[in-house]
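Comments concern the structure below.
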Amino acid sequence: HIFVQTAATIFKTCPDHPVHFAMVGNGEMRGYTEAAVRKLGLGQRVHLLGFHLDRYALIFDSTLLMITSAYEGVALVSFEAMAVGTPQISADVGGQKELITPDTGVLVKNGRGEVTRYAKACLELLADPERRARMAAAGKERIRNHFTAESAVKQYAEIFEQMAELSRKRAAEIPHLRPPHINPLHELY
């Protein structure tokens, strides 16, 4: 598991570093992750918390969020972390780069050497509280400016209007189609 290997790399490089890692969730990889933590002797520094109801408090209390997924759309936890001002290190997969920018977090390419890249990013951010503070502020601002419920409603309304206009245009181009499918009440009056 990349997350556990990253922790091991950090402790191998900096054995006295005070960092602790916490993993939330009870996914299908939990047994494998527990075995890796035991095998690497990380039980005192890597904490497997399982299911947790108050994930917002955990995110808020964390110095960093690290997502080492091989596959991801846009992770909800990334939105949550940015909203509360927790900088993140995330796999550069799926839609993560649509949300996380260089001023709000660090994206790490998957593949050969990724554990080293995660460890380097983690150590650099842990050593730079000013950078973390800038990322926290930029993340909150990005959420406020681009990802509010109001902006989502507006964007969906624009998409629906574009689709309705396309439907009206196509219906007008086909002689045997009549407009009632666009305005079903039209035929009633």
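The values are calculated or read from the model by the stated rules, or taken from the named source; none is laboratory data. This structure is a prediction, so every number in the text was calculated from the model and none was measured. Cβ sites come from the backbone with ideal geometry, for glycine too, and all protein chains shown count toward neighbours. What goes into the accessible areas is simple: the full protein's heavy atoms, side chains included, and nothing from ligands, DNA or RNA. Shrake-Rupley method; radii C 1.70, N 1.55, O 1.52, S 1.80 Å.
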Inset, instruction - Collect the residues in the stretch 50-99 that are closer than 19 Å to T116 by Cβ and either in contact with a His (Cβ under 6 Å, 6 or more places away or on another chain) or in contact (Cβ under 8 Å) with a residue 24 or more places away in the chain (or both), keeping them in residue-number order. - result: L64, M66, I67, T68, S69, A70, Q88, I89, S90, A91, V93
Inset, instruction - Identify, by number, the condition in (1) closer than 22 Å to Y56 by Cα; (2) of a type in the set (D, E, K, R); (3) in contact (Cβ under 8 Å) with a residue 40 or more places away in the chain that E114 doesn't meet. - result: (1)
Inset, instruction - State the number of residues belonging to the stretch 135-162 that are touching a helix residue (DSSP H, G or I) at 6+ places or on another chain (Cβ under 6 Å) and over 15 Å from F79 (Cβ atoms). - result: 0
Legend entry - Search result, residues across the stretch 89-98 that are in a helix (DSSP H, G or I) and either open to solvent by 30 Å² or more (accessible area, probe 1.4 Å) or in contact with a Phe, Trp or Tyr (Cβ under 7 Å, 6 or more places away or on another chain) (or both): K97, E98
Legend entry - Check on V77, under 24 Å from V19 (Cα atoms), modelled with pLDDT under 95, in a helix (DSSP H, G or I) and among the aliphatic types (A, V, I, L, M): yes
Inset, instruction - Determine whether the stretch 10-22 contains at least one residue that is closer than 30 Å to F147 by Cβ and either open to solvent by 50 Å² or more (accessible area, probe 1.4 Å) or assigned to a helix (DSSP H, G or I) (or both). - result: yes
Legend entry - Which numbered condition S62 misses (of (1) among the small types (G, A, S); (2) open to solvent by less than 40 Å² (accessible area, probe 1.4 Å); (3) within 30 Å of A152 (Cα to Cα)): (2)
Legend entry - Residues of the stretch 108-141 satisfying the condition of being among the basic types (K, R), under 17 Å from the mean Cα position of the chain (by Cα) and outside any helix (DSSP H, G or I): K109
Legend entry - Selected residue (only one of G73, G41, G105 is more than 11 Å from the chain's Cα centre (by Cα) and open to solvent by less than 70 Å² (accessible area, probe 1.4 Å)): G41
Inset, instruction - Might you let me know whether the stretch 143-166 holds any residue that is open to solvent by less than 80 Å² (accessible area, probe 1.4 Å) and modelled with pLDDT of 90 or more? - result: yes
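Is it the case, given these coordinates, that M82 is surrounded by 14 or more Cβ atoms within 10 Å (Cβ to Cβ) and under 19 Å from H1 (Cα atoms)?
Judged against the criteria, M82 is not a match.
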Legend entry - Condition met for T33 (of a type in the set (S, T, Y) and in contact with a Phe, Trp or Tyr (Cβ under 7 Å, 6 or more places away or on another chain)): no
Inset, instruction - Examine the stretch 25-40 for a residue that is part of a loop (DSSP other than H, G, I, E, B), under 24 Å from T104 (Cα atoms) and either among the hydrophobic types (A, V, I, L, M, F, W, C) or touching a residue at least 40 places away in the same chain (Cβ under 8 Å) (or both), and state whether such a residue exists. - result: no
